Amino acid sequence: MDPAFAFIGFGEAGAAFAGGAPARGYDRKTDQPTLRAAKLNDFAGAGVTACADASDAVAHARAVFSLVTADQALAAARTAAPSIAGAFWFDMNSVAPDTKRDAASVIEAGGGRYVDVAVMAPVHPARRAVPLLLSGPHAEAGADLLAEFGFSNITVVDGAVGAASSIKMIRSVLVKGLEALTAECFLAAEKAGVSAEVTASLNASWPGTDWAGKADYNLDRMMIHGLRRAAEMEEVVKTLDALGTGSAMTRGTVERQRQIGALGLTPQEGLAAKIATLSPDRQADAA
């Protein structure tokens, strides 16, 4: 049976979206001997047929979900385009509008129908109820197809390819930037021995906000996804620089996200445990 849809890249989002229709997929981790078995298990666990390459995965699919790391979004489009035929290419990667426009040109030249998709929240626990923004000339038809596949929170925004991604990129300035600022603030507070006082002052300044809870969540996300977030924020820098509005703060976000993600640490339960794991003294001892 021909697949209803295909995945190029199969990480957390791919596994969250899979199920309910025949699907095939390719992830370049299957080309790496040390990672191949685990990735094949991911495919099998989600009921997705693993393919040897991107061309095999997208052949005859009605729709393709591109879910790769930000630095691979354009390369993935170039690899798959010769086999895309008339399928929809849902570019769900967190990349700059210019990157999406370049990918759209490649996909359209291959006969595919490109849709700029911005995934606006974590895929868990929402899965196919995660909010999606779509833009571009095929956005309306793409929204109908996504609804057929079970996606239930779709908004088509006015504008060409790049409109949806502009919203996502500019929003990430604040969302991912706050994560980085949280890490910087709470690690410094712990080192100075004033964590309780800083937290109390923040809570008083923003009534109703649990800053310790926010810090716990933000550190968790950075420890797990910091490298991926850093790659995304590099695309945000490109977005801001293209607009000419300045990217100094976001460049710092890239650095902090990458620093924490590169440690490869498993988050411990609770804020205190995370801060202890990330403390400069602990890292110096580990080195």
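Numbers at a glance
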{"read-out": "For the range 164-286: relative contact order, % (alpha-carbon pairs under 8 angstrom, 6 or more apart)", "value": "33 percent"}
{"read-out": "Estimated distance in nm for a label pair at L243 and R127, the labels positioned 7 Å out from Cα along Cα-to-Cβ", "value": "3.5 nm"}
{"read-out": "Rg/Rg_globular for the chain, with Rg_globular taken as 2.2 N^0.38 Å and Rg from C-alpha atoms", "value": "1.06"}
{"read-out": "Exposure proxy order (Cβ contacts within 10 Å, fewest to most) of L227, L263", "value": "L263, L227"}
{"read-out": "Structure-based [θ]222 nm, the chain - -39500 (n - 2.57) summed over DSSP H runs of at least 4, per residue, nearest 500", "value": "-17500 deg cm²/dmol"}
{"read-out": "Share antiparallel - DSSP beta bridges, the chain, percent rounded to 5", "value": "15 percent"}
{"read-out": "Relative contact order %, the range 61-183, counting alpha carbon pairs below 8 Å whose residues are six or more apart", "value": "23 percent"}
{"read-out": "Selection from S152, S135, F43 lying farthest towards where the dipole of the range 5-159 points positive, charges on Cβ", "value": "F43"}
{"read-out": "Alpha-carbon spread of the range 164-286, three principal axes, descending order, Å", "value": "42, 37, 22"}
{"read-out": "Inter-centroid distance (Cα atoms) of the range 6-39 relative to the range 141-208, Å", "value": "26 Å"}
{"read-out": "Binned Cα-Cα distance frequencies in the range 5-159 - 10 Å width, integer %", "value": "12, 45, 37, 6, 0"}
{"read-out": "Ranked K274, K191, K29, criterion: other C-beta atoms within 10 Å, fewest first", "value": "K191, K29, K274"}
{"read-out": "Efficiency of FRET from Cβ geometry, A37 and A272, R₀ 51 Å, rounded to 0.05", "value": "0.90"}
{"read-out": "Sparsely packed GluC sites (Glu not before Pro) within the range 172-275, loop by DSSP, other Cβ within 10 Å at most 15", "value": "E269"}
{"read-out": "Over the chain, relative contact order from alpha-carbon pairs under 8 Å, at least 6 apart, %", "value": "13 percent"}
{"read-out": "Which of V106, V198 has the fewest Cβ neighbours within 10 Å, and the rest in rising order", "value": "V198, V106"}
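Any read-out appearing in this document is the output of simple, stated calculations on the displayed coordinates, not a laboratory observation. Values in this document were obtained by computation on a predicted structure and should not be read as measured data. Cβ: placed from backbone, ideal geometry, glycine included. Neighbour counts: every protein chain shown.
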